Amino acid sequence: MSQIVLPQSQISYLSDGVSLRSWLLTTDHKRIAILYMISITAFFFLGGSAAALIRYNLIVPEGMIQSAETYNRLFTMHGIIMVWFFLVPAVPVTIGNFVVPLMLGARDLAFPRLNLASWYLFMAGGFCALYALFSGGVDTGWTFYTPLSSNYAQGHVVVVVMGIFISGFSTIATGINFIITIHRLRAPGLTWYRLPVFIWSLYSTSIIFVLATPVLAITLLLLMFETLFHVGVFDPKLGGDPLLFQHLFWFYSHPAVYIMILPGLGVVSEIIPVFARKELFGYKFVVWASVSIAIIAFFVWGHHMFVSGQSLFASVLFSMLSYFVAVPSAIKVFNWLGTLHKGRIRFDAPMIYALGFIGLFTMGGITGLYLAALAADVHLHDTYFVIAHFHYIMVGGMVSAYFAALHYWWPKITGKMYPEMIARAAALLMFLGFNLTFFPQYILGYLGMPRRYHAYPPEFQVLNVLSSAGATILAAAYLLPLFYLTYSIFRGARAPANPWGSLGLEWQTPSPPFTKNFVVTPTVTEGPYAFSKHETFDV
Amino acid sequence: MNARHRSDLLIWLGLLLAAALEFGVSFLAIPQGVRPILILPSIGMAVLVALGFMRLLTAPDIAKSFAIGGIFWLTVLLGLAMTDPMTRAVYAVIG
Amino acid sequence: MSEEVAPHTHFQYADARHQAETALSGMWLFLASEVLFFGGLIVAWTFCRHWQPAGFDAGSRETVLWIGTVNLFLLISSSFVYSSGLAFMEAGNAKRLIQCCVATMAIGSLFLLLKFYEWHIDISEHLFPAGPFKINGADAGGARMFWSFYFVATALHAAHMIVGVGLVGWIALQARRGAFADGWLTPVEVIGLYWSFVDIVWIVLYPIIYLVGRE
C-alpha cells in the first residue's frame with residue numbers, strides 16, 4: 001500500500017457543512033456515528049422509561065399497575081428496544097463507526113454509502129417497532145416464543161417483527177463494512193498484532209453480525225408467515241415444532257449476547273492501559289480471547305433450552321460447550337488485572353466506568369456458570385436470577401462500557417472536554433445504583449421469584465423495594481451525563497488532540513478530526529500500548 | 001474464444017450433465033430414508049459454480065476464507081440443531 | 001464523496017486494484033451471510049421432514065416437477081451466459097457483454113414467469129398451506145409443513161431473482177454508457193458473484209423441493 005497525500009481541506013468534520021442535508025446525506029463515518037448516537041440515545045431513554053415503569057409496578061406485591069396485560073407490554077417493549085435498538089448497535093455503530101477508520105489510519109470505512117444506508121435501515125426498523133409498541137404494543141416478551149407469538153398473542157407482532165427484520169440488515173451492513181475495512185484499509189505498518197484490541201473485538205462482533213443475524217431474519221420471516229396465514233411451522237397444534245423456533249432464534253440470540261458484550265470488552269481493554277500507564281498484559285491472549293468468544297458463541301445456544309423438552313443429549317452437549325466460554329472471558333479479566341498490577345493508575349471518569357465494568361462483568365460471568373450447569377438451571381431457569389445475571393453483563397457490563405467509551409472518546413468526537421468531577425460522581429453513582437437494583441434480584445431469583453409476573457408473594461417485597469429504589473438512583477446516574485455532556489458541547493473547554501496521553505492513531509489527529517481524518521496517512525512502527533517507550537507522554 | 005470461454009463452456013457442460021444425472025437418478029427406487037443423498041449432485045454443482053463462474057480460486061484470499069467460513073457456520077447450524085431431534089425422547093400425550 | 005484518486009477509485013483506497021479486491025471481498029462476505037440466511041430454511045426443512053417424513057414427502061410429490069427441472073437448466077445456463085459476458089468484456093468487447101446481460105435477463109425473466117405459472121398451478125390445486133387443502137388424513141399436517149417451506153423458500157428465491165435481474169440490467173446500462181471501457185470491471189464481477197449465488201441457491205433447493213420426496 002503506497003502512501004498518498006491528497007489535497008484536502010483541513011477543516012474539522014463538524015464544520016464541513018452545517019445544513020440538515022449535509023448531515024442526512026453524509027457518507028462521512030464520523031457524522032454517521034453522530035446520527036446513530038442521537039438515535040440510540042433516544043431509544044435508550046425510551047427503553048429505560050419502560051424499565052422504570054416495570055420497577056414502579058413491582059414496588060407492591062399486587063402490582064402498582066393494575067393490569068397484567070399492560071405489564072406484559074411494558075417488559076416486552078423494554079426488551080425489544082433495549083436489545084435490538086440499543087445494546088446490539090450501541091458501541092459498534094456509534095463509537096466503532098467513529099474510531100475504526102481513525103484507529104486504522106484510514107480515511108473512511110470501505111463502503112461509506114453502505115454505512116449511511118445502514119443508518120436509514122436502522123431508523124426504518126426502529127420506526128416500525130415504535131409504531132407497533134405505541135399503537136397497542138406486543139405481549140410476547142422480546143423472545144417471541146411460538147406458538148404464543150404466532151397464534152395466541154394480541155397486538156402488532158408482525159409489525160414489530162418486521163421492524164427487527166429490517167434493522168437486522170442494518171447490522172449486517174455494519175458488520176460487512178467493519179470486517180472488510182479492517183482487512184483492507186489498515187495504514188502502512190499496522191500489522192494485525194499492532195491493532196488496538198478494540199478493533200479486534202469489533203472484528204469478532206462483526207463476525208457474529210454477519211453470520212448470526214441472517215438466521216434471525218429467516219426465523220422472523222417464518223414466524224411472520226405462520227402468524228399471517230395461521231399455518232404450522234412452529235405451532236405444535238398445527239403439526240409444527242416450537243423448539244425449531246427456539247433453536248433458530250437462539251442460534252442468533254446467543255451470539256447476539258456476545259454482540260452485546262464483546263465491544264465492551266474491547267473498550268475496557270483500550271482504557272485500562274491508558275489510565276494505568278502500562279502496556280496491556282498478554283496482548284495476544286486478549287485478542288484471541290475475543291475471537292474465540294465470537295466463535296464459541298455459536299456452539300452454546302442450547303443452554304437457553306434446558307427445560308424446554310429438547311433432548312437430554314443435546315442439553316448435556318450444550319451445557320459442556322457453554323463452560324468453554326468462561327475460559328476466554330476469564331483470560332480477559334485476569335489480563336486486565338495484570339495490566340493494573342503495579343501500574344500508575346489515574347481515576348478519570350472513563351477509568352472508573354472501566355473498573356466498575358470489571359467487577360460487574362465478573363459477577364455476571366460467574367453467575368452465568370451456574371446457569372450453564374444443567375441441574376442448577378432447572379431451579380434457576382426463568383427466575384429473577386437469570387434477569388440479574390444478564391443485566392450484570394449487559395447493563396453493568398455493556399452500558400458501563402458504553403459510557404466509558406463515550407467519556408473516553410468524547411474529546412475526540414466533539415472537540416470539547418466534559419466536566420471531570422461530575423462525571424466521576426456519575427460513574428460512581430451508576431455503580432452504586434446498579435448493584436442496589438440488581439443484586440437483590442439474584443436473591444429473589446434464588447428464592448424462586450419467576451420473571452415476567454406483574455404480582456408476587458408478599459415475602460418478596462423488601463427485596464423488590466430495594467431493587468426499585470436502586471433503579472431510581474440508576475436513572476439519575478444515566479440522566480446526569482445527558483445533561484453535562486450536552487452542556488460541554490456548548491460550554492466545555494477545548495480539547496487538545498490527545499488529552500489522555502494515549503498512543504492510538506485516533507489521537508494523532510486533531511480533536512475533532514478533519515473530514516478526511518489524516519493529512520498524511522500515518523505509518524505505524526509499534527504496538528498500540530507501548531507506554532514504557534513513551535514516558536514523556538505522561539500527563 | 002480464449003481460455004476463459006473454454007473453461008466456462010466446460011463448467012456449463014459439467015453442470016448440465018450433473019443436473020441431468022440428478023434428475024435421472026431420482027426416478028430410481030431409492031428407499032425413503034436415504035433419498036436425501038439426491039442432494040449430493042447439487043452440492044457438486046454448487047462447488048462447480050463457485051469455482052468456475054464465481055472464480056473462487058483466483059479470488060482474494062480473504063474472499064476464500066469468507067466462503068469457507070460461510071460453509072463452516074452452516075455446518076455448525078445444521079449439525080448442532082439436528083442433535084436435538086435426532087436424540088429427543090418423545091413422550092405420548094395422554095388424554 | 002465524489003473525490004477520487006483516479007477514475008473510479010474512491011478517496012479511501014490506495015489504488016484501483018485495492019478497491020476492486022475490497023469490493024469483491026465485500027460481496028463474498030455478504031454471500032456468506034446469505035448462506036446462513038438460506039441455511040435457516042434448510043434447518044427448517046430437515047427438522048420438519050424428520051418429524052413427519054411421510055406427510056412431508058406426500059406434500060413434495062404434489063410439486064410440478066417439469067417446471068422445477070426446466071428452471072434448474074435455465075438458471076445454470078444464465079450463469080454461464082453472464083460469465084461469458086464477463087469474459088468478453090475482459091477481452092474488451094462491450095457489445096458482447098451487453099448482449100450477454102440481455103440474454104441473462106431474458107432467461108431470468110423466463111424463470112420468473114415459469115415460477116409464477118407454477119405458483120398459479122399450486123394455488124389452484126389448493127396446495128397453499130392455509131385454508132382448504134388438497135391433502136387430507138394422516139399426511140395432511142406434514143404436507144402442509146412442506147408447502148409452508150415451499151412457499152417461503154421459493155418466494156425468497158424469487159425475490160433474489162428479481163433483484164438480480166435489475167442488477168444485471170444496471171450492468172448492461174453501464175456497459176452501454178462505456179463505463180467499463182478502461183478495463184475497470186469490478187461491478188460486472190461483483191454482480192456476477194451475486195447472480196451465480198442465486199443460481200446456487202436454486203441448485204440446492206431443487207432436490208429438496210422436487211426430488212427427495214418422490215418415490
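The values are calculated or read from the model by the stated rules, or taken from the named source; none is laboratory data. Model, not experiment: these values are computed from the prediction. Heads up, the Cβs are rebuilt from the backbone with ideal geometry, glycines too, and the neighbour counts pull from every protein chain shown.
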Criterion (assigned to a helix (DSSP H, G or I), under 19 Å from A:Val286 (Cα atoms), among the hydrophobic types (A, V, I, L, M, F, W, C) and out of contact with any strand residue (DSSP E or B) (no Cβ under 8 Å at 6 or more places or on another chain)) met by exactly one of A:Phe361, A:Phe403: A:Phe361
So C:Ser33, is it surrounded by 20 or more Cβ atoms within 10 Å (Cβ to Cβ), of a type in the set (Ser, Thr, Tyr) and either in contact with a strand residue (DSSP E or B) (Cβ under 7 Å, 6 or more places away or on another chain) or facing chain B (nearest Cβ under 8 Å) (or both): yes
Condition met for C:Arg214 (closer than 26 Å to A:Gly239 by Cα, basic (Lys, Arg) and either away from chain A (no Cβ under 13 Å) or surrounded by fewer than 23 Cβ atoms within 10 Å (Cβ to Cβ) (or both)): yes
Elements of type helices (runs of 4 or more DSSP H) contained in region A:18-135, each with 2 or more residues being closer than 23 Å to A:Leu466 by Cα: A:29-57, A:68-82
Residue list for region A:184-222, filter: assigned to a helix (DSSP H, G or I), at the interface with chain C (Cβ under 7 Å from one of its Cβ atoms) and within 21 Å of A:Phe111 (Cβ to Cβ): A:Arg184, A:Val210, A:Leu211, A:Pro214, A:Ala217
Options A:Val291, A:Val307; residue that is closer than 30 Å to C:Phe47 by Cα and within 14 Å of another protein chain (Cβ to nearest Cβ): A:Val307
Lone qualifier among B:Ala92, B:Ala3, B:Ala19 - being hydrophobic (A, V, I, L, M, F, W, C) and at the interface with another protein chain (Cβ under 8 Å from one of its Cβ atoms): B:Ala19
Neighbours by Cβ (under 6 Å, 6+ apart or cross-chain): first from region B:76-88, within 8 Å of chain A (Cβ to nearest Cβ); second surrounded by fewer than 18 Cβ atoms within 10 Å (Cβ to Cβ): B:Pro85/C:His50; B:Thr87/A:Phe313
Of all residues making up region A:438-455, the number that are touching a residue at least 24 places away in the same chain (Cβ under 8 Å) and assigned to a helix (DSSP H, G or I): 8
Residue match in region C:186-201 (condition: over 19 Å from the mean Cα position of the chain (by Cα) and small (Gly, Ala, Ser)): no
From A:Leu503, A:Leu482, residue being hydrophobic (A, V, I, L, M, F, W, C) and in a helix (DSSP H, G or I): A:Leu482
Residues of region C:89-105 satisfying the condition of being charged (D, E, K, R) and within 12 Å of another protein chain (Cβ to nearest Cβ): C:Glu90, C:Arg96
C:Gly26, sole failed condition from (1) facing chain B (nearest Cβ under 10 Å); (2) surrounded by 19 or more Cβ atoms within 10 Å (Cβ to Cβ); (3) farther than 30 Å from A:Arg184 by Cα; (4) of a type in the set (Gly, Ala, Ser): (3)
Boolean, C:Ala138 is part of a helix (DSSP H, G or I), surrounded by fewer than 18 Cβ atoms within 10 Å (Cβ to Cβ) and within 14 Å of chain A (Cβ to nearest Cβ): yes
Conditions (1) under 30 Å from A:Phe438 (Cα atoms); (2) of a type outside the set (Lys, Arg); (3) at pLDDT 95 or above: number failed by A:Leu121: (1)
Options A:Pro510, A:Pro499, A:Pro450, A:Pro528: the member that is crowded, with 21+ Cβ neighbours inside 10 Å and over 22 Å from the mean Cα position of the chain (by Cα): A:Pro528
Among (1) farther than 16 Å from A:Val197 by Cα; (2) of a type in the set (Val, Ile, Thr); (3) within 14 Å of chain B (Cβ to nearest Cβ) - the single one A:Val257 does not satisfy: (3)
Qualifying residues in region A:223-254 (those that are at the interface with chain C (Cβ under 10 Å from one of its Cβ atoms) and among the small types (Gly, Ala, Ser)) - the one nearest to A:Val300 (Cα to Cα): A:Gly240
Members of region B:52-75 found to be facing chain C (nearest Cβ under 7 Å) and either in contact with a Pro (Cβ under 9 Å, 6 or more places away or on another chain) or in contact (Cβ under 8 Å) with a residue 12 or more places away in the chain (or both), listed by number: B:Phe53, B:Ala67
Residue that is surrounded by the fewest Cβ atoms within 10 Å (Cβ to Cβ), among those in region A:152-177 that are among the polar types (S, T, N, Q) and in contact with a Leu (Cβ under 8 Å, 6 or more places away or on another chain): A:Ser167
Among (1) in contact (Cβ under 8 Å) with a residue 60 or more places away in the chain; (2) small (Gly, Ala, Ser); (3) within 24 Å of B:Thr75 (Cα to Cα), the one test that A:Ala217 misses: (1)
Test: residue in region A:224-231 that is in contact (Cβ under 8 Å) with a residue 60 or more places away in the chain and within 24 Å of A:Leu340 (Cβ to Cβ): no
Identity of the residue in region A:310-327, more than 13 Å from chain B (Cβ to nearest Cβ) and surrounded by fewer than 22 Cβ atoms within 10 Å (Cβ to Cβ), that ends up nearest to A:Ala376 (Cα to Cα): A:Tyr323
Candidate set: region C:94-132, residues that are among the aliphatic types (A, V, I, L, M) and more than 17 Å from the chain's Cα centre (by Cα); chosen: the one farthest from A:Asp235 (Cα to Cα): C:Ala94
Residue in region A:13-27 that is surrounded by 22 or more Cβ atoms within 10 Å (Cβ to Cβ) and either among the aliphatic types (A, V, I, L, M) or out of contact with any strand residue (DSSP E or B) (no Cβ under 9 Å at 6 or more places or on another chain) (or both) present: yes
Inter-residue pairs, beta-carbon under 9 Å, first at the interface with chain C (Cβ under 8 Å from one of its Cβ atoms) and in region B:39-51, second crowded, with 22+ Cβ neighbours inside 10 Å and of a type in the set (Phe, Trp, Tyr), 6+ apart: B:Ser42/C:Tyr206; B:Val49/C:Phe197; B:Ala50/C:Phe197
Meets criteria (in a helix (DSSP H, G or I), polar (S, T, N, Q), modelled with pLDDT of 95 or more and under 24 Å from A:Ala217 (Cβ atoms)) for C:Ser33: yes
Total residues in region B:6-16, condition at the interface with another protein chain (Cβ under 7 Å from one of its Cβ atoms) and either surrounded by fewer than 20 Cβ atoms within 10 Å (Cβ to Cβ) or at pLDDT below 90 (or both): 1
